[in-house]
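Here is the structure we will look at.
The values are calculated or read from the model by the stated rules, or taken from the named source; none is laboratory data. What you see is a predicted model, and the numbers here were worked out from it, not measured in a lab. Please note: Cβ atoms are built from the backbone with ideal geometry, for glycine as well, and neighbour counts cover all protein chains shown.
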Protein chains: 2
Amino acid sequence: MYLTQKSIYAIQALIFIALNNSGEFVPIREISNKLNIPFHFLTKILQVLSKQQIIETCRGPSGGVRLRQDPNQISIEQIILSIDGDRLFSECILKLPDCGNSKPCPLHDLFAPIREELQKMLSNTMLALLVKMVRDNQVKLTSVTQVQDFFPGQKQTKKPDHS
Amino acid sequence: MYLTQKSIYAIQALIFIALNNSGEFVPIREISNKLNIPFHFLTKILQVLSKQQIIETCRGPSGGVRLRQDPNQISIEQIILSIDGDRLFSECILKLPDCGNSKPCPLHDLFAPIREELQKMLSNTMLALLVKMVRDNQVKLTSVTQVQDFFPGQKQTKKPDHS
DNA sequence: TCGATTTCGGAGTCTTTTATCTTATTTGGC
DNA sequence: GCCAAATAAGATAAAAGACTCCGAAATCGA
Ligand code: SF4
Ligand code: SF4
């Protein structure tokens, strides 16, 4: 598994939060319900993202979470690093006990470039791009739900580019 | 983690077995000792490789395991597929519940090419290459041991290409 | 044949990850 | 002040992965 379940949930949740970036706080319960993410598990993940200054939280009625940074400034790499650390970008494929640059294992020279390419791709992909793709219904955030179902009254606040 | 511990052990063990491809059987206990792989765990891994026709086994005194195929015909991809299945090459990075080609998730188009490149690299890398690199001491199979320590009397049976 | 050696195969244990439950603490509105 | 709504935090449980144990079966040599 490339990412831990935590990172996967974090990315999905942040897309959902960014979809509703009207400045209001989104309740964690709503994210949990709409995306089918275990509630208490999700709260702990969002607490980490809060400490990393990616989101801010507010307790009490009409509380919840919202982005602290511009979605154009949040890379997927950054989200993964916040939750999983640099495991995905530093771990090798063979994991020899004493590996490192000084003692490369058989696959090092073949694998390192691919790992770097993966990291570059993720650092160049901003949260805003994923949000746009979901908003335009080019891709789906969950298996059965479309973006209109998340915000029934809203329905494409941006100008529809087609049809 | 890219590979399971099982696959990592399998690759390391196969390199070790191929290093000693004199036609004799290598006892699993020896592999376990030299490479610091838990013995009973390794036993089960090798049983799978045996069923996959990659190695053959022999019980009793002077028994053990040996390659059934030419190391030039065994790809790293094949080893991984035997142990882990195609998880590494089919799983997505976001793992949406109902994902697939028909309903791509936001990262699909960005991630799929990298995953394919990884698979291509692993299918093009044959066990024999890793064996050669270890034999030439370009890389190490374990943290502290060199190839001479594995087979003290042997010491470069192939003609030394350098020095 | 007998005993030692080695793989085979099933069941069980330990550890990490994932998920749940329960109890605080904060916030806003009346 | 009081209640309801929401996050914070710690303890607990379930699931998966990694590893161990034990008895059985095969093989070889004396
Ligand atoms: S030497 Fe390279 S490929 Fe080998 S374990 Fe270390 S980082 Fe991974
Ligand atoms: S759509 Fe593609 S990237 Fe998304 S979960 Fe499926 S395979 Fe992975």
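Considering A:Q12, A:Q78, which residue is within 12 Å of the chain's Cα centre (by Cα) and within 16 Å of ligand 2 (Cβ to nearest atom)?
Details: A:Q78 fails: within 16 Å of ligand 2 (Cβ to nearest atom).
After ruling out the rest, the residue left standing is A:Q12.
Hey, can you tell me all the residues within segment A:122-157 that are on the phi > 0 side of the Ramachandran plot and either in a helix (DSSP H, G or I) or modelled with pLDDT of 75 or more (or both)? It would help to see each step written out before you state the result.
Here is the first cut: in segment A:122-157, the residues on the phi > 0 side of the Ramachandran plot are A:137, A:155-156.
Within segment A:122-157, just A:N137 meets the criteria.
Looking at B:Q73, B:Q47, B:Q119 in this structure, which one is within 16 Å of ligand 2 (Cβ to nearest atom) and at pLDDT 95 or above? Write out each step before concluding.
On the way: B:Q73 fails: within 16 Å of ligand 2 (Cβ to nearest atom); B:Q47 fails: within 16 Å of ligand 2 (Cβ to nearest atom).
So the residue among B:Q73, B:Q47, B:Q119 that is within 16 Å of ligand 2 (Cβ to nearest atom) and at pLDDT 95 or above is B:Q119.
Since A:A18 meets every condition but one in (1) more than 16 Å from DNA strand C (Cβ to nearest atom); (2) in a loop (DSSP other than H, G, I, E, B); (3) touching a residue at least 60 places away in the same chain (Cβ under 8 Å), which condition does it not meet?
With respect to (1) more than 16 Å from DNA strand C (Cβ to nearest atom); (2) in a loop (DSSP other than H, G, I, E, B); (3) touching a residue at least 60 places away in the same chain (Cβ under 8 Å), A:A18 is out only on (2).
Within 16 Å of ligand 2 (Cβ to nearest atom), without any contact (Cβ under 8 Å) to a residue 24 or more places away in the chain, in contact with a Leu (Cβ under 6 Å, 6 or more places away or on another chain) and under 23 Å from B:L130 (Cβ atoms), is that true of B:I93? Lay out the reasoning, then the answer.
On the way: within 16 Å of ligand 2 (Cβ to nearest atom): yes; without any contact (Cβ under 8 Å) to a residue 24 or more places away in the chain: yes; in contact with a Leu (Cβ under 6 Å, 6 or more places away or on another chain): yes; under 23 Å from B:L130 (Cβ atoms): no.
Criteria not met by B:I93.
Give the residue that is surrounded by the fewest Cβ atoms within 10 Å (Cβ to Cβ), with candidates limited to residues of segment A:21-44 that are within 16 Å of ligand 2 (Cβ to nearest atom) and touching a residue at least 40 places away in the same chain (Cβ under 8 Å).
Looking at residues that are within 16 Å of ligand 2 (Cβ to nearest atom) and touching a residue at least 40 places away in the same chain (Cβ under 8 Å), I get A:N36.
If you go through segment A:36-53 one residue at a time, do you hit one that is farther than 22 Å from A:M1 by Cα and more than 16 Å from DNA strand C (Cβ to nearest atom)? Reasoning before the result, please.
If we filter segment A:36-53 for residues that are farther than 22 Å from A:M1 by Cα, which is where we start, we get A:39-40, A:43, A:47, A:50-53.
When the remaining residues are screened for being more than 16 Å from DNA strand C (Cβ to nearest atom), the result is A:52-53.
Yes: one or more hits.
Quick test for you: out of A:D136, A:D86, A:D109, pick the one residue that is more than 16 Å from DNA strand C (Cβ to nearest atom) and loosely packed, with under 13 Cβ neighbours inside 10 Å.
Values: A:D136 fails: loosely packed, with under 13 Cβ neighbours inside 10 Å; A:D86 fails: more than 16 Å from DNA strand C (Cβ to nearest atom).
Only one candidate passes the filter, namely A:D109.
Out of all the residues in segment B:49-63, is one or more aliphatic (A, V, I, L, M), surrounded by fewer than 16 Cβ atoms within 10 Å (Cβ to Cβ) and either in contact with a helix residue (DSSP H, G or I) (Cβ under 9 Å, 6 or more places away or on another chain) or outside any helix (DSSP H, G or I) (or both)?
Narrowing segment B:49-63 to residues aliphatic (A, V, I, L, M): B:49, B:54-55.
Keeping just the survivors that are surrounded by fewer than 16 Cβ atoms within 10 Å (Cβ to Cβ) gives none.
No, every residue in segment B:49-63 fails to be aliphatic (A, V, I, L, M), surrounded by fewer than 16 Cβ atoms within 10 Å (Cβ to Cβ) and either in contact with a helix residue (DSSP H, G or I) (Cβ under 9 Å, 6 or more places away or on another chain) or outside any helix (DSSP H, G or I) (or both).
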